[in-house]
Structure formats: structure tokens, C-alpha cells
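**Q** Pasting in a structure now, in C-alpha cells, and then I'll have a few things to ask.
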Amino acid sequence: MSIHPSEPFRIKMVEPIQLIDPETREKALQRAGYNIFGLKSDEVYIDLLTDSGTGAMSQEQWSGIMLGDESYAGARSYQRLSDTMADIFGFKHFVPTHQGRAAENILCAVILKEGQYVPSNMHFDTTEGNIRARGGRPTNLICEEAFSDDPNIPFKGNMDLDKLENFIQEVGEENIPLGMITITNNAGGGQPVSLENLRGVSEIYKRHNIPFFIDACRYAENAYFIKTREPGYKDKSTLEIAREIFSLADGATMSAKKDAIVNIGGFLACNDPALFEKIKNELILREGFITYGGLAGRDLDAIAIGLREGLQEDYLAYRLGQTRYLTEELKRVGVPVIEPAGGHAVYINAGALLPHIPQSEFPGQSLTVEMYREGAIRGVELGSVAFAYPDPDTGEMVYPELDLVRLALPRRTYTQSHLDYVVKVLERIVKKADSLRGFRIIKEPPLMRHFSCIFEPL
Ligand code: F0G
């Protein structure tokens, strides 16, 4: 048995949850077109759909909300966020945005032209969608180890530096308006990127005059992985590690709904003053004035406080320990999981659990539906539903390497007994895995289909 870490907090506000009966669950599934995004939260018992905006804020954050300054321009709340941003990230400029994808949209609007490429270790789907929506070509250059089942590889989120160099030679640096990296790599198991790799990536982008932007959603979790896994960092604080990470980049996008432990918010930061002028204009047009960016003043205070709490090391030890606990327990009952455990989520290899379901029939979707049916647990498919796309040149479907189902852990929200319940439900599913069937998509939007497509069981 693995050990669940003790929480470095106690609970002083509760939100009731309930387990509805199997018949009502079946009806809910049918109504939702077998897409778990169509379920009502009251129909879900343990909601592991996402760690985004679903965490519990602290008493300090709630107090900060009461101090929010709602002035349209130059609010004190903005100043407090600005001070925190300077201290942790150190970029010359930033704007708040209402969430991560708003930052991605603005960045793509001001920097990207049709037909241009944007390399990364792996883009998350909103980043990929924002690049494609402007006619760009997102390109994933993750290291080969990412697909290894060796549980001892510490930094499976690393970019393959040779692939990056070759890619730039191949398409030409003039066709790459920005380069990115996602920390931790959400689309690839929540796996971290090492500082050594970040330095290598930064050096390559710099040499080719390509601005380097970090997708910083889970930078604090990544920093703690560096502290505990990378030689030379165990005596550095997570704050020092974060500063070193961002000193290598020209800018960042962030959804504060992750490592800043807030329910809404994000930012776009950069060093280049000319680029920042364009960003400001685009922000004012689409989101709001530059000192609030589509958020309330109180939200900025919650972010400023959450950014610091998200870096606290007792919290990060608990947070990553909880993910590790669920990973190890699922493995113990025979569920194939991505190892080592990622930061914010456990990733089940649905392709390996359901080898009789081909990628075109969505093994991850099958498992996602079964988890809800069996235990009212909501996870999310991150496989062929979320990531397969028709090749722009040939029109042929390109399938992702792995069909995963992600169980994301909201921050400071569920306890050990909740996780033990999840393990019991999955243990039952493992025993009847052979009987699960695939799905067919009968309706889908042009981009990011997993949010709203409708399925039919096969
Ligand atoms: N980048 C990464 C790595 C993400 O994980 C997300 C969101 C975004 C960007 C976009 O941020 O949602 O605030 O617009 N990920 C959520 C998830 C949705 O469930 O993983 P957003």
C-alpha cells in the first residue's frame, strides 16, 4: 500500500456531493450524447474532469477578494499582482487575461501568420486550436522517452533538442514566429521538463532569433519536480527555480486556474516592448483594459496570493504526493498508468487496458464512459477524440501516440477516501475490461471536438 500524504491544511468550508443511482446515471449519459462534458455537476460524484479552476481557495485568497479594488484603470489589485509577477516571473511586461486560452489567442493574433509553424514539446489542445484557428501549424517535438513505459525517467516532458534543431533547419527560422514549451506537459502525462532541457531549448530558439514563450500553467509543480529530481537543485527554493526557468524565456502564457489556485484568470507576459504594444491593443479590443484584462479587480488579488501559495513546498509535496498515491494504487489493482506519476493528474493508458478497441473507435472514450457508469466518476479522454486531426496536406487522420484518460486532481479538494473510492471503481472495471465496446462520433465541431461532440456506442 502506498502512503497518502497528510494535508498541510484543515477544512473549514464544505460543499456537499452525492452519488446518484445507476439508472439515473445511464439516462444522464444518453442525454449527454455519451460526452461527459454534457453532464451536470450534480450527476457526478467525484469530478476529476480537470484541475483547472476547480481547486479550493485559501482563507488568504478569500480575504484578498474582499480587498479587491474595482477601479477601471490602475487598480491597487493590479499593482499587487504586478509586484508578484515581477518577483516570480521577472518579465518586463504582462497583461491579465480571463484565462489561459485568451492569452494564447492574443499572442497568436499579434505574432502568427497563416502557414507558419509553432514548435513545442506538446501543445495543449487550446494552444493547438488557437494556432490552427489562425492558419498556423502547431508541431510537437517531445523526446522519445515520453512514450517509454520505464517508470524511472525523471523528465518525460522534455523537448527533443535534435528534433527541434532539425525542424528549424527544415522549415526555416523565418517561418517560425515563436517557439513554445509546456510545463508540465499536460497533453503527455503531466510530465515535467528539466532545467537542463529548458536551457537547451532556450539556446536553440535564441540562436535562430525565435521568441521563446513558456506555457506556464503548472510551472510550480514543474519547479518542485526539478527540486526533487534534477541534480543540483535540492537546496534551491521553488521560487528560485521558477525565476531561473523564466529567465530563459522571452515571454509566457498562463492559465492561473492551475498553479495559481484560482477559479478564473490568466496572463500573457513578454519582454519585447514592440510586441507588448500590439498585445495591449488586442487586449483592449477583445478583453478589457490592460490593468484588468477581462477580470474583476478581486480576481487579480486572488491570483497574486495564489501564485505564492502555489509555490509553497509543503503544499507541493502534498500535491504531488497525492497524485503519486492515486497512480500507485491504480497500478496495484491492475490499471495501466503512465509512470512516473505526473503533477496534476493520473493518466490511464486506455489503449493498453482496452487493446481490443482500435484508435478509430476511441478506447479512451469507452473507459471514460464506463467510469461514469460504474461509479459516477468524471475523467476526461485525452487521446484520439481530443487529438486526432486530418493532415492538412493529405486529409488522412493522424492519431496520437497514446490513448489516455486523465484523472485530474483539483487542488486541495478531495481526500484520501475519495481517491480510494476511485481505485475501487477502476478495480471493478479492470475485471470486465474485455466486455467494453468502442464509440462512433455522430456530430462534431470543426475545432476542439472533444468538448462538444456527440457519440453513439458501437
Ligand atoms: N495550456 C495548458 C497546458 C492547459 O492545460 C490549459 C488548460 C490551457 C493552456 C488553457 O487554459 O483553460 O484557462 O483557457 N487546461 C485545462 C485542462 C482546460 O483541463 O487541462 P484555460
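**Q** Quickly run through the stretch 129-152 and pick out the residues that are hydrophobic (A, V, I, L, M, F, W, C) and open to solvent by less than 30 Å² (accessible area, probe 1.4 Å).
**A** ILE131, LEU141, ILE142, CYS143, ALA146
**Q** Follow-up. Starting from residues that are acidic (Asp, Glu) and more than 10 Å from the ligand (Cβ to nearest atom), keep the ones in the stretch 193-220 and report whichever is least open to solvent (accessible area, probe 1.4 Å).
**A** So the residue we want is GLU203.
**Q** Right, something else. Only one residue in GLY172, GLY190, GLY232, GLY179 is at positive phi and within 16 Å of the ligand (Cβ to nearest atom). Which one?
**A** GLY190
**Q** Return only the number of the condition from (1) under 22 Å from ARG132 (Cα atoms); (2) without any contact (Cβ under 8 Å) to a residue 24 or more places away in the chain that SER435 does not satisfy.
**A** Of (1) under 22 Å from ARG132 (Cα atoms); (2) without any contact (Cβ under 8 Å) to a residue 24 or more places away in the chain, only one is false for SER435: (1).
**Q** If a residue must be in a helix (DSSP H, G or I) and open to solvent by less than 10 Å² (accessible area, probe 1.4 Å), how many such residues does the stretch 273-302 contain?
**A** Residues in the stretch 273-302 being in a helix (DSSP H, G or I) and open to solvent by less than 10 Å² (accessible area, probe 1.4 Å): 6 in total.
**Q** For GLY64, all conditions in the list (1) surrounded by fewer than 17 Cβ atoms within 10 Å (Cβ to Cβ); (2) more than 24 Å from TYR325 (Cβ to Cβ) hold save one; what is the number of the exception?
**A** Result: GLY64 fails condition (1) only.
**Q** Suppose we filter the stretch 413-425 for residues that are under 19 Å from the mean Cα position of the chain (by Cα) and open to solvent by 40 Å² or more (accessible area, probe 1.4 Å); how many remain?
**A** Qualifying residue count, the stretch 413-425: 1.
**Q** Yes or no: ILE305 surrounded by fewer than 22 Cβ atoms within 10 Å (Cβ to Cβ) and either outside the structural domain of THR368 (by TED's automatic domain parsing) or within 16 Å of the ligand (Cβ to nearest atom) (or both)?
**A** No.
**Q** Is there any pair with a first residue in the stretch 367-384 that is under 15 Å from ALA408 (Cα atoms) and a second that is of a type in the set (S, T, N, Q) whose Cβ atoms are under 7 Å apart and which are 6 or more apart or on different chains, and what are they?
**A** GLY379/THR368; VAL380/THR50; VAL380/THR368; GLU381/GLN365; GLU381/THR368
**Q** Looking only at the stretch 238-257, which residues are among the hydroxyl-bearing types (Ser, Thr, Tyr) and part of a helix (DSSP H, G or I)?
**A** THR238, SER247
The values are calculated or read from the model by the stated rules, or taken from the named source; none is laboratory data. Note that the coordinates shown come from a computational prediction; the quantities given were computed from them, not determined experimentally. In this analysis, Cβ positions are derived from the backbone assuming ideal geometry, glycine residues included, and neighbour counts consider all displayed protein chains. Ligands, DNA and RNA are stripped out before the accessible areas are found, and what is left, the full protein with its side chains, is counted by its heavy atoms. Shrake-Rupley method; radii C 1.70, N 1.55, O 1.52, S 1.80 Å.
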